[in-house]
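Derivation of every value follows stated rules applied to the coordinates shown; laboratory data play no part. Quick caveat, the model's predicted, so the values are computed rather than measured. Neighbour counts are summed over all protein chains in view; Cβ atoms, including those assigned to glycine, are modelled from backbone coordinates with ideal geometry.
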Amino acid sequence: MKALPSPPFLTRRAFLATATGSSVLLANRLFGAPSDTDTKPSPALEKLAAVALAEARKQGATYCDIRINRYRQQFSGYRLSPQRGSNQTDEVPFVTDQQSFGFGVRVIANGQWGFAASPLVTPEEIARITREAVLVAKANSAVQASPVELAPTKAYTDRWTSPYEKDPFAVPVDEKLELMHGATLTIKKDPKVFAAFGFLAARAEDKYFASSEGSSIQQYIVQVDPALQATAVDFQKNISRTRSYQVQPLSAGWEAVAKANLAENAPRIRAEVLEHLAAPPVAPGKKDLVLLPSHLYLTIHESIGHSTELDRVLGYEANFAGTSFMTTEKMGKFQVGSELMNIFGDRTNEGGLATVKYDDDGVLTTKFPIVEKGVFKHYQTIRDQAHLIGETESRGCCYADSWASVPFQRMPNVWLAPGPREVTPDDLIAGVDDGILIEGEGSYSIDQQRYNFQFGGDAFWEIKGGKKRGMLSRVAYQSKTTDFWRTLDGIAGASYWQQFGSFFDGKGEPEQINAMSHGCSPSRFRQVNVLLTD
Amino acid sequence: MLTQQEAKNLIDKAIAYSKLPQCQADVSWSEDAFIRFANNGITTSGYRITQQLSISSVTEDKRGGNAVVSELTDDAIKRGVEQAEALARISKPNPEDMPALGPQKYPVLGNFDSYTGAARGDVMIPHVKAVIDSARQSQLTAAGYIQRSASVAAVGNKAGLFGYHTYTDSSLSNTMRTAGGTSSGWAAQNSVSLKDINGETAGRISAEKCVRGAGARKKLDPGKYTVILEPAAVSDLVGYLGFNFGARDAEQGQSFLSKQGGGTHLGEKMFPEYITLRSDPFNSKFATTPWGPSLLPNERMAWIDKGVVKNFYYDRFWASKAGKDPTPAPDNLVLDGQDNTLEDLIKSTDRGLLITRFWYIRTLQPQTLQVTGLTRDGVFLVENGKVTDPVTNYRWNESPVRVMQNTLKLTQPVRSQGAEAGSSIVPAIVATEFNLASVSDAV
């Protein structure tokens, strides 16, 4: 086999060219201020992309796309915790602003994918990296399972911005710190509370995508994620407990943070962490569960979101994230859960963390049923998978977490449809004789085929005789995905529907993270195996 | 590679732009090449360069701000410094901020391999082929991942500290499954040198495990079992143990090292005398840097010495409050072994389970360090000193502390990596009373 050119020399030279250059800040010039009126992508980005598309053609690639992306993240907040050996509190602020900018080129040559990426966004480097991507593809064709086939997509020229009212990056950092300082001080006001933590994240993706099939798409996505947490410690019993105020992380602006009422919720967290610390341990056994959206979202994610990813089902994740019990013969007929269960894959719903107009294949995103009346209907797919299950178009689930990452199939927002309008959470509780109400995230773990799970929570309340009682501690429930969903017998109405989500879903090698939301209303599950943890 | 002079120039520029009393600049640069394969063919692969400069500035009255940039032009660095300083001025004083360290003498680590640093598809693809050939010979389907990276870490500050280090790393892991998905086998190799990676060996081990697991799998009742844990499983448990050696958490009632009623277990013999857990950054098998998060020179440190809780992790701030010297972060973990082979462990076991590796481990209770997780890619019954039948997978709820306390025998340690806790150098072990909570139908 022909040896590939030595990269370090080229890399170093290219690196120095940029490192010693004196241009204005390139990312700012290319992406400019976010625009929600202009419908056309930046001509400067199109010009750079054209270099990759032309070079790929020259090198014999049959397909090429380039993503030129910038990511911004800002984290700020406070930790309040006791000094060593005293009751005095240290108030520790933190603030960081991070930016990452570069491009990745993906090609198909000799029927195989190739990918290469660099942080040096210059025409020369784009041409060089495109050649590298073609070399990677050609080398790989020596060990080819089958040639890549792409489901057709239209060519789009468009510019899209996720809806937001107030740019979270434009809000002064001192205002953010003041908000978190105030909330954490409120939590720590009771000396019995050991520590308080307040966290505020703002995130933005500037994405540009161009393909050899004629698409040119610029998108801007803004997201916010605030949270508060209290910790209490009982030194005599050698136990500690936490209580969080989990806010829905959303594709939205500062207005979502304002609506979260952090200051107003801080006293509740303070009281509830102490109640959690004193709460009696659960008596294990079969119990009915009423799960609130801040908790149920992660159960949906782990058991249904992951099991219906087509790459897992087909063995592409076998060495890392795993495979799935939802094998292809089950499509269209397998009863996953009760008839109340209607679940959608959706990258179009407002506020969802995976919501975007076009995916990283350049496909217009959609909403599609994953489970209908309890029956499994459709997988999450991307362009190079659709033909493998006899479908003719992608469902728009392609995503890469960085300009330096290979785009692949990632989870869209996967949400549970609400129940009848008149059903309230109290109605669900009223129907439980011996059960537990669970809110928030705890310890989550599920096997690599998504059968056996064990989930904790952030707070647990006993339900006795149809009434919510005091808090419990040390609760986890263990079940099998299909057993669990088949016991679903009540879902509250649309006015209780909330979308919680995660920014840190891991999959792929090298591992990538993904953000998505899982909307749901409070729901009831019958006779689930509840454990007492240590 | 980014040379020492080039890294220093970037750091010097950042410091020159800085107007506040303290400024620290961290450069990370890496180049990596990777190939992913599944269904007996290559799927995705790539080659990439990543870089970033992290700038941390602190005012006279201990207000700190941080900015991270990936563009490294003069303008971008200047803007990054201005941003970090603007954030610092806006922030509030940090009572836990420590004064900047002056010049340090960092140890020289021998963990850069130039062959690995230059490797591309032509030297990695033969390993992929070897794995796939092994799979095909046994009518199995292979999926896996091979990668190598060459990294630069450099750091400098206004007080004259400067460090520069280059290191490489590589790995090959693969999973083989039967056509009907009735069995799964796994093997992995990790080394700073790609020359140590051998696709033939990794493929053979996976194939053997998969074929051995393909018979009717026994579904034993959940309960407490003697287990023989292969190094990948031990690596995850040891990683969880290492994360929890912080002095602060121990003293403040939030770790397994906290004592009921207050105080800690420091100095107590909590484990059998053949349990020694230590950090060894000088072991050239680790892809690591000569300094840790404190920027003090890395050093060897025993956390458990012959069964005794010997040291806690003190960061600079907590050490200053406790009147102690700071200690290195519990990274680059080595669990010392004994002169046994895996076969010896199997032979010494009347009835137990041989476990390949774990999956999806999460903490349930910090004070006992009870965690939950699952077995994966090969569980086998051991009876009268012999591996007999394949067994189903299990969910388990257990504490790595109790596992170390219940350990009877160990093999010699090897560099290994599980699913959750990074790389360590650990042996296989045999331990009693391991709590299997329920059957997992996953294969």
- Message: What Kirkwood Rh does segment B:34-181 have if only Cα atoms enter the pairwise 1/r average? Answer in Å.
- Response: 19.3 Å
- Message: On alpha carbon coordinates alone, what is the Rg over Rh value for segment B:216-443, Rh being the Kirkwood radius?
- Response: 0.99
- Query: Could you state the number of Å between the C-alpha centres of segment B:318-383 and segment A:313-334?
  - Reply: 30 Å
- Return the long-range amide H neighbours of B:Leu364 (sequence gap of 5 or more, or a different chain), with a cut-off of under 5 Å between placed amide H atoms. B:Gln370, B:Val371, B:Thr372
- Message: Can you compute 3J(HN,Hα) from phi for each residue in segment B:143-148, using the Karplus curve 6.51 cos²θ - 1.76 cosθ + 1.60 with θ = phi - 60°, rounded to whole Hz and x for Gly and Pro?
- Response: 10, x, 7, 10, 8, 9
- Query: Stokes-Einstein at 20 °C, 1.002 mPa s, Kirkwood radius from Cα pairs: D for segment A:7-278 in µm² s⁻¹?
  - Reply: 98 µm²/s
- On average, how many beta carbons from a partner chain sit within 10 Å of the beta carbon of a residue in A:97-110? 4
- Placed amide H near A:Ala109: partners under 5 Å, 5+ positions off or other chain: A:Thr62, A:Gly114
- Note on the structure: Quick note, segment B:217-303: a/c under 1.5 would make it rounded; otherwise a/b > b/c is prolate and the rest oblate (a ≥ b ≥ c, C-alpha gyration tensor); here it is oblate
- Query: If you average the sequence gap of Cα pairs under 8 Å that are 6 or more apart and divide by the length of segment B:216-443, what percent do you get for the contact order?
  - Reply: 30 percent
- Message: Once you keep just the Cα pairs under 8 angstrom separated by 6 or more residues, what percentage relative contact order results for chain A?
- Response: 15 percent
- Note on the structure: The orientation-averaged projected area of the Cα convex hull of chain A, in nm², is 26.6 nm²
- Item | Lysine pair number, Cα distance threshold 24 Å (strictly under), segment B:216-443, separation 8 or more or different chains | 26
- Task: If a/c stays under 1.5 just call it rounded; otherwise compare a/b with b/c (prolate if a/b is bigger, oblate if not). Do that for chain B, with a ≥ b ≥ c from the square roots of the Cα gyration tensor eigenvalues.
- Result: oblate
- Message: Angle check, please: helix B:74-90 long axis (alpha carbons) against the longest principal axis of chain B (alpha carbons), in degrees 0 to 90, nearest 10.
- Response: 90 degrees
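Average partner chain C-beta neighbours within 10 Å, per residue of B:85-92?
Partner Cβ neighbours, averaged per residue: 5.
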- Query: Helix B:121-137 versus the longest principal axis of chain B: what angle, 0 to 90°, nearest 10, using Cα atoms?
  - Reply: 20 degrees
- Applying the Karplus parametrisation 6.51 cos²θ - 1.76 cosθ + 1.60 with θ = phi - 60° to the phi angles of segment A:242-256, what ³J(HN,Hα) value in whole Hz is obtained for each residue in order, glycine and proline being reported as x? 10, 8, 10, 9, 7, 9, 5, x, 9, 7, 6, x, 4, 4, 5
- Item | Rounded to whole Hz, the Karplus (6.51, -1.76, 1.60) HN-Hα couplings of segment A:130-136, x for glycine and proline | 5, 5, 4, 4, 5, 4, 4
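From the Cα gyration tensor of the protein assembly as shown, with a ≥ b ≥ c the square roots of its eigenvalues, which class applies: rounded if a/c is under 1.5, or else prolate if a/b is larger than b/c, or else oblate?
Cα axes put the protein assembly as shown in the rounded bin.
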- Query: So which lysines can A:Lys330 reach, going by Cα to Cα under 16 Å and dropping same-chain residues fewer than 8 places off?
  - Reply: A:Lys373, A:Lys377
- Query: Between the helical axis of A:173-188 and the dominant principal axis of chain A, each derived from Cα atoms, what acute angle in degrees is found, rounded to the nearest 10?
  - Reply: 30 degrees
- If you count, for each residue, the other Cβ atoms within 10 Å and average over each peptide, how do A:432-443, A:474-485, A:87-98 line up from highest to lowest? A:474-485, A:432-443, A:87-98
